Amino acid sequence: MSFIETRGNDGVKANEVSFSEAILSPSASFGGLYVPKDLPDLGKDFIQNHIDKSYKELAFDILKAFKIDIEDSEIKKALDLYDNFDDKNNPSPVVKVKDDLYVNEQYHGPTRAFKDMALQPFGSILSSLAQKKNENYLILAATSGDTGPAALSTFRNKKNIQVVCLYPDGGTSDVQRLQMVCDKGENLKVLGIEGNFDDAQNALKSLLSSNSFKQELEKENIKLSAANSVNFGRIIFQIIYHFWSYLELIRQNAIKNGEKIYLVVPSGNFGNVLGAYYAQKMGLNVEKLLVASNENNILTEWINTGIYDIRDKNLKLTKSPAMDILKSSNIERVIYDLFGVKRTKELMEDLNSKNIFTMSQDETKELQKYFSATFSNDSFGNQTIKDFLDNGYLMDPHTATCIKAYKELRDKDLITVIYSTAEWTKFSPTVLNALNQNSIKYVDKEALEEISTKFNAILPNSIKKLFNSEVIHDLVIKKDNIEKNIISFIRKS
């Protein structure tokens, strides 16, 4: 299967590229993104044939349906990394919490967040390609808290790979920050920046499309790639677990094959819900995709009005920081799929130059065939966390935003799956505030210990040991100094 560009071709890049080319060099013409030329058709028969299959078997067959140019042995090697999750047979368990509500727990991997589901196998494939081509790659990652630790984990000490991770100083939880700044991988560099996630992501996109930056890397015989969801190598693995949710519901006798369900996804950069959108287009029986945001509710406004307007928006720092994003990269892939190259280029250029784009009424109605959206504030999240633990289920503040969508957006009485994208341990002070119904400023270590003791919650060893780990990466820089620091790291390595 070939991959094409969301904003059209500039006459310099190839009109179509392979999967391996798209993930090794994810920057497309005119600042666009790569997307599959076609989507495989995986309908009711595909589901029926996988009811008794493992997660790895499901993943292998979906990847093969995309006809990616990766050898079967390399795909299987990458998927074997799911054996390192809490349960190798069920890396993304689906848990019943109400009669019509299930939670897909995506945080059972090495860094306790959903990014492991894609980045563990993706990192294996990308680093293998680099070694086979005998090429050296710099992998850039910008993070609001979870992509960073997952990217560092998957690429740690991999041959032919160096990684620079950008995170907003003060914009992640302490656990997320420690997971990054204490990483001892010799090929890794972590940079805190004075700014927010949008600043980090904008810097990443700018560097990916910068010829002068690439020329500096070429002097060191290094090529450029990315670990963010601008890279379709991330997205392809984020399609799989939506099929897994459906299969698990069948296995648990919650639905029969062919019945429709709702999927609720907490969303900041739109990659997770994009995977669900692709799954639906590939034949998964989804009634509608329900998008949950926090007070940075730009996605809610866009889906409800067709207008994406960040002109007067200031990013709010909330208790669900991984969703503190105003410029969501993956809306571009949805716009391309619905409205084509010309319209995508127009809208994205408007957003980049004017910080606003406006879709027509007909375009908005088309978007709303697939998506509904709402948002919640921190108070709602805190009360939701407490209410659910009172009934025996412990969740993090991002998962809590999904409950607003579950309560408000469903038009039909259908089984619903919400996606829990991070373990409570990543945001323990917020969770403890919710459980104790107070606003005391807890430190992470204190909150982790109290929750695990008082509420009999499991505290993974990987989280415990963070607080005795040495800080390796203590540099916090201004946005203007990002490129200079990356070049310095490359030359010293």
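Please report the net charge: other residues with Cβ closer than 14 Å to the Cβ of VAL476, K and R +1, D and E -1. Summing Lys/Arg as +1 and Asp/Glu as -1 gives -1.
Reported to the nearest whole Å, the Cα centre-to-centre distance from segment 127-168 to segment 9-48 is 21.
Applying 1/(1 + (r/R0)^6) with R0 = 25 Å to the Cβ-Cβ distance of VAL97 and LYS365 gives a FRET efficiency near 0.15. When you restrict to C-alpha pairs under 8 Å that are six or more residues apart and normalise by the size of segment 187-329, the relative contact order lands at 22 percent. In terms of overall dimensions, the C-alpha atoms belonging to segment 188-279 reach 58, 29, 22 Å along their principal axes, ordered largest to smallest.
Classify segment 350-491 from the C-alpha gyration tensor, please: rounded if a/c falls under 1.5, else prolate or oblate depending on whether a/b exceeds b/c. Because a/c hits 1.5 or more and a/b fails to exceed b/c, segment 350-491 counts as oblate. P(r) for the chain, from all Cα pairs and a bin width of 20 Å, is 25, 62, 14, 0 %, short bins first. Under a plain spin-label model, where a point goes 7 Å from the Cα along Cα-to-Cβ, how far apart in nm are ASP86 and LYS313? My value for the distance between the label points is 3.3 nm.
Rounded to two decimals, what is Rg over Rh for segment 208-359 when you use alpha-carbon atoms and the Kirkwood radius? Value, to two decimals: 1.03.
Largest accessible area first, the listed residues LYS313, LYS454 line up as LYS454, LYS313 when surface is computed with a 1.4 Å probe on the assembled protein chains. Per residue, the accessible area of the chain comes to 39 Å² when a 1.4 Å probe rolls over the protein heavy atoms.
Report note on the peptides 429-435, 464-470: ranked by the mean count of other C-beta atoms within 10 Å, highest first, their order is 429-435, 464-470.
Using a 1.4 Å probe over the heavy atoms of the protein chains, calculate the carbon and sulfur portion of the accessible area of the chain as a whole percent.
Numbers: 8080 of 19070 Å².
Carbon-and-sulfur percentage of accessible area, whole number: 42.
Does segment 40-155 classify as rounded, prolate or oblate by the C-alpha gyration tensor (a ≥ b ≥ c root eigenvalues; a/c under 1.5 gives rounded; else a/b over b/c gives prolate, otherwise oblate)?
Oblate shape, in that a/c is at least 1.5 and b/c is the bigger or equal ratio.
Near VAL190, the amide H atoms lying under 5 Å from its own belong to CYS165; only residues 5 or more places off or on other chains count, and H is placed 1.01 Å from N. Considering the options GLN162, ALA203, LEU42, tell which one lies farthest towards the positive end of the dipole of the chain, charges being +1 on Lys and Arg and -1 on Asp and Glu at the Cβ, about the Cα centre. My answer, from the dipole projection, is GLN162. Each residue of segment 345-355 was assigned a 3J(HN,Hα) from its phi angle through the Karplus curve 6.51 cos²θ - 1.76 cosθ + 1.60 (θ = phi - 60°); the sequence is 4, 4, 5, 5, 5, 4, 5, 5, 8, 10, 6 Hz, with glycine and proline shown as x. Segment 193-244 and segment 97-123 have Cα centres spaced 22 Å apart. Which entries of LYS96/LYS407; LYS13/LYS133; LYS189/LYS478; LYS288/LYS354 have Cα-Cα distances beyond 22 Å here? Pairs exceeding the cut-off: LYS288/LYS354.
Quick one: if you take sqrt(5λ) for each eigenvalue of the C-alpha gyration tensor of segment 268-354, what semi-axes come out, biggest first, whole angstrom? Before the final figure, lay out the partial values.
Numbers: eigenvalues 94, 69, 19 Å².
Largest first, segment 268-354 gives 22, 19, 10 Å.
Computed 3J(HN,Hα) for segment 191-200, one whole-Hz value per residue from the Karplus formula 6.51 cos²θ - 1.76 cosθ + 1.60 where θ = phi - 60°, is 10, x, 10, 7, x, 10, 4, 4, 5, 5, glycine and proline marked x.
Extension gain ASN202-LYS260, at 0.36 nm per residue separation less the Cα-Cα distance, in nm? Please list the in-between numbers first.
Numbers: separation 58, 0.36 × 58 = 20.88 nm, distance 3.76 nm.
Length gained between ASN202 and LYS260: 17.1 nm.
Only Lys, Arg, Asp and Glu carry charge here, each on its Cβ (+1 for the first two, -1 for the last two); on that basis the chain has a dipole of about 540 debye about its Cα centre.
Quick check for me: using +1 on Lys/Arg Cβ and -1 on Asp/Glu Cβ, what's the dipole size of segment 364-493 about its Cα centre, in debye to the nearest 20? Each step should come with its number before you reach the end.
Numbers: 18 positive and 17 negative charges, 90 e Å.
Dipole of segment 364-493, to the nearest 20 debye: 440 debye.
Within segment 122-145, what residues put their amide N at less than 13 Å from the label point 7 Å along the Cα-to-Cβ vector of LYS223? Once the point is set 7 Å along Cα→Cβ of LYS223, 126-139 turn out to lie under 13 Å by backbone N, inside segment 122-145. Counted by Cβ distance under 14 Å from LYS386, the other residues give a net charge of -2, where Lys and Arg count +1 and Asp and Glu count -1.
Our coupling estimate for segment 443-455, obtained by passing each phi through the Karplus curve with A = 6.51, B = -1.76, C = 1.60 and θ = phi - 60°, is 8, 4, 4, 5, 5, 4, 5, 5, 5, 5, 7, 6, 10 Hz, Gly and Pro reported as x.
The values are calculated or read from the model by the stated rules, or taken from the named source; none is laboratory data. No experiment lies behind these values; they were computed from the predicted model shown. Neighbour counts are summed over all protein chains in view; Cβ atoms, including those assigned to glycine, are modelled from backbone coordinates with ideal geometry. Areas reflect the complete protein model, heavy atoms only, side chains present, ligands, DNA and RNA absent. Shrake-Rupley method; radii C 1.70, N 1.55, O 1.52, S 1.80 Å.
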